[in-house]
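Presented below is the structure to which this report refers.
The values are calculated or read from the model by the stated rules, or taken from the named source; none is laboratory data. What you see is a predicted model; the values in this text were computed from it and never measured. Every residue, glycine among them, receives a Cβ derived from its backbone with ideal geometry; neighbour counts consider all protein chains shown. The accessibility values were calculated without ligands, DNA or RNA, using every heavy atom of the protein model including side chains. Shrake-Rupley method; radii C 1.70, N 1.55, O 1.52, S 1.80 Å.
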Amino acid sequence: MLLELIQGTEGGGLIIIQDSIHYSGRTLLMSFIKAALKRDEVVHLLAFELHEEELKHELGHSCLQRLKFHNAFHDPLGWNENPPFTVHQFITSELDSLLTSNQHSKPVTLVIDSFSFILRHLSPSAVCKTLQQLKKGGAVKTTLGLLHSDMHHRNMVGSICHLATSVLTVAPGHQCHEAVAKTIWRAKSGKISQAMERFSISDDMTVKVQSKPVPVGSGQGEAGDAEVDPTANLTFNLRLSDQERQAKEKLALPFVFSKEKKSALLRPGPGSGRILYEPDANDDYDQEDPDDDLDI
Amino acid sequence: MFPELNAILNTSPDNFKQGELILVSDRRADASFLVHHFLSFYLKAGCKVCFLGLAQSFSHYSAVSQRLGVSLTQAKEKGQLLFLEVLNESLDVLLQKTSNTESQALDFLRDPAVGLRGLYDFVRASVSDSGVGGEDDGGGGTVGRWGPPVLLVDDLTVLLSLGVSVGSVLDFSHYCFVTVCSQLKGNMVTLVRCEGEEDEDEDGDEEGSERLLKGLTHQCCLTLHVQGLPTGFCRDIHGQVEVCWRKTQKDKPSNQRKLFQYKVHDKGASFFARGTSSAVL
């Protein structure tokens, strides 16, 4: 499902990549941008947390040329003169003028890095309103944004994700260069699909999915893959050969009451103790063996 | 400067990465020894250092740096070090005695809601090439002698306790990063101190310092997190440092992490892999 989202076959809408301090979703965001540029789409990037140098590093010069980069990194709050783009310009009217400045008939993708920065300065309701208007407006086919889920209250994250067509939550994987993506996709019909996939991103920003999507909630499929044989790689031997296994099974355990043991106990051995009992006047001595009815 | 830490971070005063934001944090421990390390490191590297001293006085840093082989007084006289002694200046600001550039930088003390724009303007003036601001400025020529600018802040949590909001501190940090690291290719080192346990599922009532720590972790390139030993107090091992590289050369979020234990001495600190303390071996 992750690859379908990146290839854009799922029809656009609002895609949110949720990350945390343990794993940054920015590289995945770059993969989306590169895939959109390959499809010859018009990509606008509102970069609040990313500067052009870093972007050049990641995407390469040729991609950067084709990307419409809006520098919101240098002065997002207007503290200096002539800010290129401020966070307060994230309203429908300003965005419309920004996006329709080029007269193309190609589909437009708007990428926002990151929503967290905008949410720190604008109210969530205003942001939701703008996103909803972008979705309905028709100027933008796909809106894609990065959200640091650990920076905000759960409710705020929830309200933004509620608007989204797809939500990708990324987390570090077990292996070094792998990560895990949990995807939730809402189809136009209302059907919701979920999947959890392991992926890795190569140097040229292509995403490789390592495992087949596991529907979320069908148990921990991940744990099975990572099982390790504990008897391997030891300096001592923990395994048994066939002979050893047979000998082990033949061995009689000391406290198990088997047939041989019982007959050995019932046979009075030489020198075994005998009890001599002289009954007192008050004792009710019954010669009968009280254990006679037991069937051992 | 601690040679063992330089080896761990793979840097030296002659060869270090530029344009980096280094986040030093601690949880129920004291990471200020790392601030002294970075201060002496960048002074030895010949960088122009702007130090915002919010937690201690100048004489404290001077005394410690003396033991590390660096003279802060000399650096200040030469113009290599610009030290904003907030503890000293704050009294003047609150009593409204004088009005100079330093007191304008601290106008958030009287009204925290104003934010840290004044402080950012002070930092920008200190590190920029135009060299505007500061009475001891010897003209535009002094800045060119030194290497890339470095901003050191000790520590950001003090701002939170003075009533500044987490959002304002994050904005201040963003702007300083833009100016110092991105535009001037310098470095920035900040210290954030946390209290209490780290709770992954805590939100809403999260303490300001936790949110600040998370916000800065997203921005930074390298974090050094100092904690006490999980097993308790030890006389020979003062704690553990977790070094985490967030962005490598190719910007792959490989999040390489290394854990070391340390001991602070009179004239430095030694770092060693877990379980290899000289007291143990």
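For chain B, the longest principal axis of the Cα atoms and the long axis of helix B:86-95 meet at an angle of about 40 degrees. Across the range A:70-171, the mean sequence separation of Cα contacts (distance under 8 Å, 6 or more residues apart), normalised by length, yields a relative contact order of 25 percent. A crude spin-label estimate for the pair A:S193 and A:T86, with each label 7 Å from Cα along the Cβ direction, gives 4.4 nm.
Would you mind giving the total buried accessible surface between chains B and A, with a 1.4 Å probe and ligands, DNA and RNA left out, rounded to the nearest 100 Å²?
Working: alone 13920 and 19170 Å², together 30030 Å².
Answer for the B-A pair: about 3100 Å² buried.
Remark on B:G186: its backbone amide H falls under 5 Å from those of B:G19, B:C181, a criterion applied only to residues 5 or more positions apart or on other chains, H modelled at 1.01 Å from N. Between A:R186 and A:L234, the distance separating the two model label sites (each 7 Å from Cα on the Cα→Cβ line) works out to 5.3 nm.
Pairs over the 24 Å Cα-Cα cut-off, from the set B:K44/B:K258; A:K141/B:K247; A:K136/A:K191; B:K185/B:K267; A:K208/B:K214; A:K208/B:K185: B:K44/B:K258; A:K141/B:K247; B:K185/B:K267; A:K208/B:K214; A:K208/B:K185. Less than 5 angstrom separates the built amide H of B:R28 from those of B:C194, B:G196, all sequence-distant by 5 or more or on a different chain.
Rounded to the nearest 10 square angstrom, A:E53 shows an accessible area of 100 square angstrom against a 1.4 Å probe.
More than 30 angstrom separation, counting every C-alpha pair in the protein assembly as shown; what % is that?
Details: 101358 of 166176 pairs.
Percent of Cα pairs beyond 30 Å in the protein assembly as shown: 61.
The label point for A:E244 and the one for B:Q104, both projected 7 Å from the Cα toward the Cβ, are 8.2 nm apart. Across the range B:64-76, coupling constants 3J(HN,Hα) worked out from phi with the 6.51/-1.76/1.60 Karplus curve, θ = phi - 60°, read 5, 5, 4, 5, 8, x, 10, 9, 6, 5, 5, 4, 5 Hz, and Gly and Pro carry x. Of the residues A:F69, A:F257, B:F2, the one with the largest accessible area comes first in the ranking A:F257, A:F69, B:F2, computed with a 1.4 Å probe on protein heavy atoms. Rounded to whole numbers, the Karplus 3J(HN,Hα) couplings from phi for the range B:13-24 are x, 8, 8, 9, 6, 9, x, 10, 10, 10, 9, 9 Hz, using 6.51 cos²θ - 1.76 cosθ + 1.60 with θ = phi - 60°, and x at Gly and Pro.
Each residue was assigned an accessible area with a 1.4 Å probe, and for B:T157 the value is about 30 Å². Database remark: amide H of B:D155 closer than 5 angstrom to the amide H of B:L54, B:A55 (H placed geometrically; neighbours at sequence offset of 5 or more, or on other chains; Pro and chain starts carry no H). Can you give the FRET efficiency for B:D92 and B:R28, using 1/(1 + (r/R0)^6), R0 = 41 Å, r = Cβ-Cβ distance, to the nearest 0.05? After rounding, the FRET efficiency stands at 0.75. Have a look at B:E77, B:E210, B:E242 and tell me which one the Gaussian network model of chain B (Cα, springs below 10 Å) gives the largest fluctuation. Taking springs between Cα atoms under 10 Å, the residue moving most is B:E77.
Residues considered: B:L160, B:L81, B:L151. Largest GNM mean-square fluctuation over chain B, using C-alpha springs under 10 Å, is found at B:L160.
Seen from B:G46, the other residues with C-beta closer than 14 Å to its C-beta sum to a net charge of +3, counting Lys and Arg as +1 and Asp and Glu as -1.
Placing A:M156, B:M188 in order of accessible area, with the largest value first and a 1.4 Å probe, yields A:M156, B:M188. As a test of the formula, what do you get for chain B when each DSSP H run with n ≥ 4 contributes -39,500 (n - 2.57) and the sum is divided by the residue count, at 222 nm and rounded to the nearest 500 deg cm²/dmol? Result for chain B: -9500 deg cm²/dmol, rounded to the nearest 500. Residues of the range B:161-182 buried by at least 20 Å² of accessible area upon assembly of all protein chains, compared with the chain on its own (1.4 Å probe): B:L170, B:D171, B:H174, B:Y175, B:F177, B:V178, B:S182. Once C-alpha pairs closer than 8 Å and six or more residues apart are averaged by separation and normalised to the residue number of chain A, the relative contact order reads 19 percent.
The apolar share of the surface of the protein assembly as shown, taken as the fraction of accessible area on carbon and sulfur atoms (1.4 Å probe, ligands and nucleic acids excluded), comes to 50 percent.
Helix A:124-137 axis versus longest C-alpha principal axis of chain A: approximately 70°, rounded to the nearest ten. Taking a sphere under 15 Å around the Cβ of A:A139 and counting the other residues whose Cβ falls inside, with K and R at +1 and D and E at -1, yields a net charge of +2. Interface residues of the range A:143-162, defined as those with an accessible-area decrease of at least 40 Å² between the chain by itself and the complete set of protein chains (probe 1.4 Å), are A:D150, A:M151, A:H153, A:R154. Surface calculation, 1.4 Å probe, protein heavy atoms: A:W185 sits at approximately 50 Å² accessible. For A:K129, neighbours were defined as the other residues whose beta-carbon sits under 15 Å from its Cβ, and their charges (Lys and Arg +1, Asp and Glu -1) total 0. The average projected area of chain B, computed from the convex hull of its Cα atoms over all directions, is 15.4 nm². Between Rg and the Kirkwood Rh of the range B:11-71, both from Cα atoms, what is the Rg to Rh ratio? Answer for the range B:11-71: 0.95.
Using the heavy atoms of the protein chains alone and a 1.4 angstrom probe, what is the accessible area of the protein assembly as shown per residue in square angstrom?
Roughly 52 Å² per residue, with all protein chains present.
Residue ranking by accessible heavy-atom surface, 1.4 Å probe, largest first, among A:S125, B:S128 comes out as A:S125, B:S128. Couplings for the range B:45-60, taken from phi via the Karplus curve 6.51 cos²θ - 1.76 cosθ + 1.60 with θ = phi - 60°, read 6, x, 7, 8, 9, 10, 10, 9, x, 9, 9, 9, 7, 4, 5, 5 Hz in order; Gly and Pro are left as x.
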